[in-house]
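*Asks:* Structure in structure tokens, see below.
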Amino acid sequence: MASFPPVTMTTEGLNMIAKASSGNTEDRLIITKVKLGDGVSEGNIRDYTDVISSKKEVSLSEWEDRGDGRFRYTFIYNNEGVKTGFYHREIGLFAKNGDSGTEKLIAYSNAGSYPGYIDDETKEIPYQRLMINIGVGDTDNVSGQVDVSNAVTIEMLNEHDADENAHSNLIKRLFGSASATMESVKTSVQSWCKESIASVFGIAEATTDNVKNKILEYAQEQINSWIETLGIRYNIAQNGYICLGKLFGDAIIQWGTDRLILSSGTDNRYRKTVNLNISISKVYSLLAIDGDNVNSSASLNVWTDNKTVQVHNVDNKSGGPDMFYWFALTK
């Protein structure tokens, strides 16, 4: 464990304390953080404006007004974020005058030949407690004591966990809330979720209807893409077709209406080569129904050579042209 001498106030620190003694709110002294470093101190500490070799910054955990111008500032830290282990020699205390002030080094201590060692973050260490006690009297007679404790005790953790306001400032900052209540956090989380959902779905506002419509739109796009990939197509019309796609052996169901016409041959027969609605490689089955007698197909014959379909009437002497319905199972 490092052994640190009392902190020495810097010239800038003394000036800031003197300014704070005005009593004005905008001049009040606000302790903000400490810097830990491994630099070797040389020269006049009063002239320091920063630690020599900064290795880690630690925010203020809590402070206590002990009365009679004495204040205790506590910093809790471990080795998270430390990429390379270092000898802990330096402690630099930083503060500012007022909320809008600039952070400056106000006090410094160096362990010299009695440093501690802080491992890199791959070797987890217990939480460390650093307390700096500063007594503020006349600005020329400001003193401070440093106490580095090697770990946070169970009692300290239990006390910390039991404190409902232990992380109120952190919660306020994280959730952008003026108070750290359950309701304010819940409201902030709900607002964040709505913003995230709106961003993900590319909608102006995450209302139920907007989200529902976007999901339906997405689902329809996916279904259309799936149908197209499988080769499923259709045209539901008087002369139409349904391509059943890969799941059904690329079968095609086609249908339509047509009319027989008198052939140019010598048999004086009415016939017609059917114009299929979609190109095919093979005909498996064909049905033709007389349009004048939809309950019977006895007066019509069909013929196919696997790629074309012909329909003709059985009775050469029948008149025409006659309308007929046709259905084909093809590929």
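*Asks:* Points 7 angstrom from Cα along the Cβ direction at GLU205 and ASN239: gap in nanometres?
*Replies:* According to this spin-label approximation, the distance is 5.2 nm.
*Asks:* Still on this model: From the phi angles alone, apply the Karplus equation (6.51, -1.76, 1.60; θ = phi - 60°) to segment 53-62 and give each ³J(HN,Hα) in whole Hz, x where the residue is Gly or Pro.
*Replies:* Result, ordered by residue: 9, 6, 10, 7, 10, 10, 6, 5, 8, 6 Hz.
*Asks:* Work out the FRET efficiency for GLU217 and ASP50 from their Cβ-Cβ distance, taking R0 = 45 Å, and round it to the nearest 0.05.
*Replies:* The formula returns an efficiency of 0.20 here.
*Asks:* Moving to a separate point now. Evaluate E = 1/(1 + (r/R0)^6) for TYR117 and GLU42, where r is the Cβ-Cβ distance and R0 equals 25 Å; express this FRET efficiency to the nearest 0.05.
*Replies:* After rounding, the FRET efficiency stands at 0.70.
*Asks:* Can you figure out the FRET efficiency of ILE227 with GLU183, using R₀ = 56 Å and their beta-carbon distance, to the nearest 0.05?
*Replies:* After rounding, the FRET efficiency stands at 0.70.
*Asks:* By per-residue mean of other Cβ atoms within 10 Å, what is the highest-first order of 80-92, 41-53?
*Replies:* Result, highest mean first: 80-92, 41-53.
Rule-based calculations on the coordinates, nothing more; no lab input. Predicted model, so just to flag it, every value in this text is computed and none were measured. Cβ: placed from backbone, ideal geometry, glycine included. Neighbour counts: every protein chain shown.
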